[in-house]
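Since the structure comes first, as structure tokens, the remarks are kept for the end.
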Amino acid sequence: MKDKLNLPTSEDIKKTLRLESGKLPSFPPAAAKLLEASRDDKTSIDDIAKIVETDPGISIRVLEIVNSAMYGLRRKITALSEAVAFLGLDEIKKLALGMTVFEKLFKSGRAEKFNRLLFWRHCISVAVLSKEIATEIQYPDPEEAYIAGLLHDVGKVLLDVQGRVKVDDLIDELENSTDLIIEKERSILGIGHDDVGAFFCSLWKLPEKLSMAVRYHHQPFGHLDLTHEEMLLISIVSVADFLCWTQGIGSFDIIRPPILPPEVEKTIDLSRINLIDCIQRMNKEVDNISKFYHFIFPSADQLKENILWANLKLSKANTRYYYQEDPLAGLQKEVGPAGSRMPSEMELELGKPLARAKSIKEVLDIVMYQVGQVFEPLHWSILLKDPKTQDMVFSVVVGTSKDKLLGIRLPKGEGIAGFIMENGQSLIVQDVEKDVRFSNRIDQYTGFKTRSIIGTPLKTEDKIFGVIELINKIGEGRFTQKDLTILSSIGEYAAIAIERAYYNQALTALATKDALTGLKNRWSFERAVSSKDDVMKRYGTVFSMLIAVVDGLTKEGDADVSPGNDEILKRIAEILNTTKRRQDDIFRYGEDTFILLLPLTYADDADTVKHRILKAFSSVFTPTVQSPIQLQIQTYTVSAEDSVHLKNLVKGVLPKSKRLINDSRVKDIEDNLQVILDNENKKKESDADKGPALGKTVSLSGEFIRLKTRESGYIKVEKLSMKTVAFKISKSNLIEVNDFLDIQFILDDLKKSLIKRRVVVREIKAAYILADFYNPPPYSKDLGFYLMSG
């Protein structure tokens, strides 16, 4: 059994946990006896009553629950034996075990940001949902699934209470990254909660199947010699855990659903389970439990299927992404840097850079950079399908014709890219003049001469949404069959990463943005003011809050008044956006309520902002009998020290404010990717370099090598930006426009950073050369910080 569990050693545990005098944490004795009794078919109601009575504190709590409104009994029950007889064996075991585990193991901890009530809500929810799924798929012991769900995250409690590294540090890191929780745990704490939990479950001699569910609910288990029931239990807990995260019921207060191990979908056919019914039944039961524990649980009417299905799509993409080998792993030695290749600031690697990417545009930039590093094409692009017209759009373009090609459309099926899009197969054309599928229309438009092409499709499991196309290699070389094999692997990996980024981005927007106005929502506000330290960093030691309430909106069922509420609220959101200062944050808190947080702002300045908003409002809305719209604004100046009370202050001012749910449908990736990318490109353009068009004036010494002839010499860099460089060369030479040069120069910063780039010559004036960086890295800290400095 230990071989199946593959547990960490005691030494590994001691490196991660602080164990006083070598003493290991123990499992609550009453809970252990209840678990043992639950495995014995001969266990009677009296046996259970006797076990519970051994712990007076638990006995009292069980009686409190039994007599609560949750069960609606007509008379008060005072004897534990009577409670057990009334509720039945399974229910009392479940109640007693849950209460014992909570009181003795889960209730208290040391991490400020690890909210134990939220954590307990998650554990109870996973337990209840595990039982519901087990019943649905006819697993032989649903109660066992309940217990496995209850204990699946026990390792997090042990890491919190006795970890050498604070769980608060982990949560801080998670809030600023896109990494999976389990991966970030291992990198920061040294070991995962699944490893720790399984180690102690085994040490406590809990049932073997429970230990396995704790151990593998985040990890692949197909390589193990497990029975079908063991695989089912692991899969049940893994799915229940995942579904709870999708509904905002995670063990931490962040948006980060886990991934499903690849074996889960093979073990449980999710399409045959009524997941919505399971979640609604879970909601109902845990809502009753929540009344006793006094935590707020999303009610059944807040369940949104769009979030569930989008998360399932994300999970599938995540599973394929995390369990597929990086196509560039090990390629560094094989490919170079040899011959003309410049040493790279980034190794040939997709996995880690893509894991850090926070947007679709970042994913695409990383993919295109690595494609340039591996293949050294003259021109390469990603074409995406327009779902309305079926045209192919040059959505990401790198290389010599990028300015002309970006946004250009090709009709469906045209050219080599059109053939790949239609057929979904990678293709190499070593000589385009001999291939009838080639269309020279783009060459005629750009003045470019295409010789050789390779391309590969970007596709989800069943639909093609784009093509990566590479044209001509630097020099006179042509693409090879080996190039096509590597590009196909990159394309498959890139498609998964793009799909993953798409659904991550969409789900984050659903959770944090208001669907109608696009503003941050109530959840975002509550997160923004939940931590004193975070408030101080974002808003300063003193800041102001404006609460704006819209009066005169149409009441439900009163549809004759014009304009409609939605249009009014969107126009008010526009007013707030246009009148706010750059650093201010706006939230749509409720149906008719907006909140503004103004960093480093005292009362006088807050009043100025208020009057500016009201002036703009009055110029748009003139109250009439038909449309009596008014805007009431209250201002509050707050110290960061008191910010923890802001949520209660707002609830006091707005007791009837209705919480809004973003019920937007998450569109399929092929229907919306191009639109999102257009928006990201526009944002990037607006945030671009604010300095002079030609960049920063500098005086930096360096060297160059001309790729075509290997001629070399010295340069003096005089203008520099993230995309271009202007320099003088040391002597007369044969450099021409469109030549490729490898240059390097040293920045005059404190680190004396060495910058190495390949450039394409764009303009020559005597000894003065203006060049574009060829395939610059998507991020370059040294050069970026240097250009931002004075």
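The values are calculated or read from the model by the stated rules, or taken from the named source; none is laboratory data. Values in this document were obtained by computation on a predicted structure and should not be read as measured data. Here the Cβ positions follow ideal geometry from the backbone for every residue, glycine too, while neighbour counts run over all protein chains shown. These area figures cover heavy atoms from the full protein model, side chains too; ligands, DNA and RNA do not enter into them. Shrake-Rupley method; radii C 1.70, N 1.55, O 1.52, S 1.80 Å.
Structural remarks
- Boolean, Glu144 is buried (at least 22 other Cβ atoms within 10 Å of the Cβ), touching a helix residue (DSSP H, G or I) at 6+ places or on another chain (Cβ under 9 Å) and modelled with pLDDT under 90: yes
- Qualifying position, being out of contact with any His (no Cβ under 9 Å at 6 or more places or on another chain) and surrounded by 15 or more Cβ atoms within 10 Å (Cβ to Cβ), among Lys473, Lys482: Lys473
- Residue, farthest from Phe102 (Cα to Cα), within region 159-170, restricted to residues that are of a type in the set (A, V, I, L, M, F, W, C) and open to solvent by 10 Å² or more (accessible area, probe 1.4 Å): Val165
- Lys684 being within 37 Å of the chain's Cα centre (by Cα), open to solvent by 60 Å² or more (accessible area, probe 1.4 Å) and at pLDDT below 70: yes
- Filter pass, Asp605 being among the acidic types (Asp, Glu), modelled with pLDDT of 90 or more and over 15 Å from Leu519 (Cα atoms): yes
- Here the condition is being in a helix (DSSP H, G or I) and either in contact with a Pro (Cβ under 9 Å, 6 or more places away or on another chain) or at pLDDT below 80 (or both); of Leu660, Leu677, Leu694, it holds for Leu677 alone.
- Subset tally (residues that are charged (D, E, K, R) and in a helix (DSSP H, G or I)) for region 225-279: 7
- Among the conditions (1) closer than 27 Å to Glu476 by Cβ; (2) surrounded by fewer than 18 Cβ atoms within 10 Å (Cβ to Cβ), Phe740 misses just one, which is (2).
- Residue match in region 169-187 (condition: among the small types (Gly, Ala, Ser), within 25 Å of Val286 (Cα to Cα) and in a helix (DSSP H, G or I)): no
- Residues of region 178-219 that turn out to be closer than 14 Å to Asn6 by Cβ, open to solvent by less than 20 Å² (accessible area, probe 1.4 Å) and hydrophobic (A, V, I, L, M, F, W, C), as a count: 6
- The residues on offer are Ala79, Ala96, Ala30, Ala49, and the sole one that is open to solvent by less than 50 Å² (accessible area, probe 1.4 Å), in contact with an Asp or Glu (Cβ under 6 Å, 6 or more places away or on another chain) and either modelled with pLDDT of 70 or more or under 27 Å from Asp195 (Cα atoms) (or both) is Ala30.
- Some residue of region 772-790 being touching a residue at least 12 places away in the same chain (Cβ under 8 Å), open to solvent by 40 Å² or more (accessible area, probe 1.4 Å) and in contact with a helix residue (DSSP H, G or I) (Cβ under 6 Å, 6 or more places away or on another chain): yes
- Test: residue in region 550-558 that is under 18 Å from Leu519 (Cα atoms) and at pLDDT 90 or above: yes
- The set of residues from region 755-790 being in a loop (DSSP other than H, G, I, E, B) and of a type in the set (Asp, Glu) is empty.
- Of the listed requirements (1) of a type in the set (Lys, Arg); (2) assigned to a strand (DSSP E or B); (3) closer than 30 Å to Leu350 by Cβ, Lys751 misses just one: (2).
- Among residues of region 710-737 being in contact (Cβ under 8 Å) with a residue 40 or more places away in the chain and open to solvent by 60 Å² or more (accessible area, probe 1.4 Å), the one that is farthest from Lys781 (Cα to Cα) is Lys728.
- Only listed residue being part of a helix (DSSP H, G or I), among the β-branched types (Val, Ile, Thr), crowded, with 20+ Cβ neighbours inside 10 Å and within 28 Å of the chain's Cα centre (by Cα), chosen from Ile498, Ile468: Ile498
- Residue satisfying condition, being among the aliphatic types (A, V, I, L, M), within 27 Å of Thr554 (Cβ to Cβ), touching a residue at least 40 places away in the same chain (Cβ under 8 Å) and not in a helix (DSSP H, G or I), within set Ile613, Ile586: Ile586
- Region 586-612, residues that are open to solvent by 20 Å² or more (accessible area, probe 1.4 Å) and of a type in the set (D, E, K, R): Glu591, Asp592, Asp604, Asp605, Asp607, Lys610, Arg612
- Just one of the listed residues (Lys42, Lys15) is modelled with pLDDT of 75 or more, of a type outside the set (Phe, Trp, Tyr), surrounded by fewer than 15 Cβ atoms within 10 Å (Cβ to Cβ) and not in a helix (DSSP H, G or I), namely Lys42.
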